[in-house]
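The values are calculated or read from the model by the stated rules, or taken from the named source; none is laboratory data. Values in this document were obtained by computation on a predicted structure and should not be read as measured data. Using ideal geometry, Cβ is built from the backbone for each residue, glycine included, and neighbour counts are taken over all protein chains shown. The accessibility values were calculated without ligands, DNA or RNA, using every heavy atom of the protein model including side chains. Shrake-Rupley method; radii C 1.70, N 1.55, O 1.52, S 1.80 Å.
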Amino acid sequence: MTRSARQAAVIGGNRIPFARANGAYAQATNLDMLTATLDGLAARFGLAGERIGEVAGGAVLKHSRDRDLTRESVLGSRLSPYTPAYDVQQACGTGLETAVLVANKIALGQIESGIAAGVDTASDAPVALNDDLRRVLMRLNGARSLADRLRAVAGLRPGQVVPEVPRNAEPRTGLSMGEHAALTALEWHVSREAQDELAAASHRNLAAAYGRGFFDDLVTPFLGLTRDANLRPDTSAEKLATLKPVFGGPEGTMTAGNSTPLTDGASAVLLGSDEWAAEHRLPVLAHVVDAETAAVDFVHGADGLLTAPVHAVPRLLERNGLTLQDFDFYEIHEAFASTVLATLAAWEDPAFAKERLGLDAPLGSIDRSRLNVAGSSLATGHPFAATGGRIVATLAKLLHEKARDTGTKGRGLISICAAGGQGVVAILEAA
């Protein structure tokens with residue numbers, strides 16, 4: 001049997017407000033946040049008791065108790081317990097990757113509906129036992145006699161009772177994401193002023209979006225928060241300029257203001273076929289056109305850790321016969337302001353285009369007024385696996401609004417960088 005692919009519809013999304021680590025969600029777990037987010041989505045779209053084709057979700061920071069996190073969240077939610085679910089993990093690309101996986105199954109006709117989700121908590125990050133202590137405890141757990149248990153306990157040493165605290169560092173370089181980004185900022189001559197202006201714009205745009213009610217049907221209050229706790233509506237480039245560098249040494253350009261904070265939160269996106277949406281009398285905001293992933297050798301090569309989208313986007317554009325200028329909205333994840341600016345600089349650079357991307361000409365510049373128009377990670381925060389869902393839902397609604405107001409179908413580009421030198425990018429188009 002031959003099936004022709006169809007485009008998956010983005011019907012809508014839901015997230016809880018994002019909170020700074022050790023803030024409003026300090027006592028919440030991944031399971032708590034993801035379940036609340038799925039419940040909010042179910043309430044918004046009348047999905048209580050509904051059997052969904054599947055739910056794909058994930059988290060980057062997971063306890064051992066988070067085995068089958070997404071399925072457990074489904075079981076705790078108002079969705080039908082007959083809804084299958086599975087976990088995905090691709091660092092900060094997790095949320096968008098879940099959307100791609102679900103959209104592809106819908107496109108192939110394997111399922112009619114699905115939910116793509118992501119959650120992360122830096123407040124409840126797992127703290128592991130060191131290997132020596134873990135081995136002693138495993139021997140104790142497997143002991144069959146009192147003598148065996150005593151021998152296992154006798155193996156304990158004071159130095160073994162030292163936990164392994166999770167570190168925001170790449171295992172192969174020992175450098176944090178911020179330290180890697182600082183190297184890239186230096187390589188691309190990204191100025192402090194440009195970073196602070198981008199960060200200020202992110203807060204300005206997010207505040208304006210909240211002000212006009214844009215997030216009224218995208219965000220469900222949780223644990224006392226009604227909007228993202230990191231938002232600073234009154235900040236400015238001038239205020240941000242007073243902060244001291246936190247990455248790149250005393251002469252560095254990256255601060256706590258133009259870098260994303262550690263954040264807690266969750267997001268979910270409802271996808272389906274056009275037919276399923278019509279049967280359930282649900283709107284279709286946009287369609288998932290295509291997606292691409294890439295990875296770079298930041299360990300041995302000349303690439304920056306967070307530059308994989310620089311390589312992914314040209315391949316995506318070529319496959320779809322598009323140029324970088326053929327978009328109404330650009331959602332470039334603000335892992336750091338410098339990451340966005342370095343990405344744009346690489347796409348504009350003729351030498352980089354020829355030598356690294358194998359192109360005859362650079363992709364060129366974009367209309368900055370179309371960039372992250374409803375705010376992005378610098379203002380909202382960045383719960384790693386939840387960022388993709390936030391961006392997909394935001395972009396789909398922006399495209400829907402433009403189509404409604406102008407009668408023209410717009411197109412949007414998503415670019416998300418990730419740890420491990422990876423990137424996930426995608427194209428959405430208004431329905």
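Of all residues in segment 72-93, which are open to solvent by 70 Å² or more (accessible area, probe 1.4 Å) and over 27 Å from ALA308 (Cα atoms)?
GLU72, LEU75, ARG78, PRO81, TYR82
Give segment 100-119 a look and list any residue that's open to solvent by less than 10 Å² (accessible area, probe 1.4 Å) and among the hydrophobic types (A, V, I, L, M, F, W, C), or say none.
VAL102, ALA103, ILE106, ILE115, ALA116, ALA117, VAL119
For GLU348, are the conditions met, namely being of a type in the set (D, E, K, R), touching a Ser or Thr at 6+ places or on another chain (Cβ under 7 Å) and open to solvent by 10 Å² or more (accessible area, probe 1.4 Å)?
Considered against the rule, which asks whether it is of a type in the set (D, E, K, R), touching a Ser or Thr at 6+ places or on another chain (Cβ under 7 Å) and open to solvent by 10 Å² or more (accessible area, probe 1.4 Å), GLU348 comes out as yes.
For ARG139, are the conditions met, namely being over 30 Å from GLN90 (Cβ atoms) and over 20 Å from the mean Cα position of the chain (by Cα)?
yes
Go through segment 122-149 and give me each residue that's aliphatic (A, V, I, L, M) and closer than 22 Å to HIS63 by Cβ.
Residues satisfying the conditions are ALA122, ALA125, VAL127, ALA128, LEU129, LEU133, VAL136, LEU137, MET138, LEU140.
Among the residues of segment 38-73, write down those that are in a loop (DSSP other than H, G, I, E, B) and in contact with a helix residue (DSSP H, G or I) (Cβ under 6 Å, 6 or more places away or on another chain).
Selection gives ALA48, GLY58, ALA59, VAL60.
Does ALA99 satisfy being among the small types (Gly, Ala, Ser), closer than 26 Å to LEU262 by Cβ and part of a helix (DSSP H, G or I)?
For ALA99, the condition - among the small types (Gly, Ala, Ser), closer than 26 Å to LEU262 by Cβ and part of a helix (DSSP H, G or I) - is met.
Taking the stated definitions as given, is GLN160 more than 30 Å from ASP349 (Cα to Cα), surrounded by 14 or more Cβ atoms within 10 Å (Cβ to Cβ), among the polar types (S, T, N, Q) and out of contact with any His (no Cβ under 9 Å at 6 or more places or on another chain)?
yes
I'd like the residue in segment 390-413 that is small (Gly, Ala, Ser) and farther than 17 Å from ILE16 by Cα and, out of all such residues, is most open to solvent (accessible area, probe 1.4 Å).
This residue is GLY407.
Which one is nearest to the chain's Cα centre (by Cα) among residues in segment 171-213 that are buried (at least 23 other Cβ atoms within 10 Å of the Cβ) and among the polar types (S, T, N, Q)?
So the residue we want is SER202.
Conditions tested, residue by residue: (1) touching a residue at least 12 places away in the same chain (Cβ under 8 Å); (2) out of contact with any Leu (no Cβ under 8 Å at 6 or more places or on another chain); (3) crowded, with 24+ Cβ neighbours inside 10 Å.
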{"site": "GLN7", "(1), (2), (3)": "yes, yes, no"}
{"site": "MET33", "(1), (2), (3)": "yes, yes, yes"}
{"site": "ALA42", "(1), (2), (3)": "yes, no, no"}
{"site": "GLU50", "(1), (2), (3)": "yes, no, no"}
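Out of the residues in segment 123-157 that are polar (S, T, N, Q) and out of contact with any Gly (no Cβ under 8 Å at 6 or more places or on another chain), which is most open to solvent (accessible area, probe 1.4 Å)?
Result: ASN141.
Suppose we keep only residues that are touching a residue at least 40 places away in the same chain (Cβ under 8 Å) and among the acidic types (Asp, Glu) within segment 313-328. Which one would you say is most open to solvent (accessible area, probe 1.4 Å)?
ASP326
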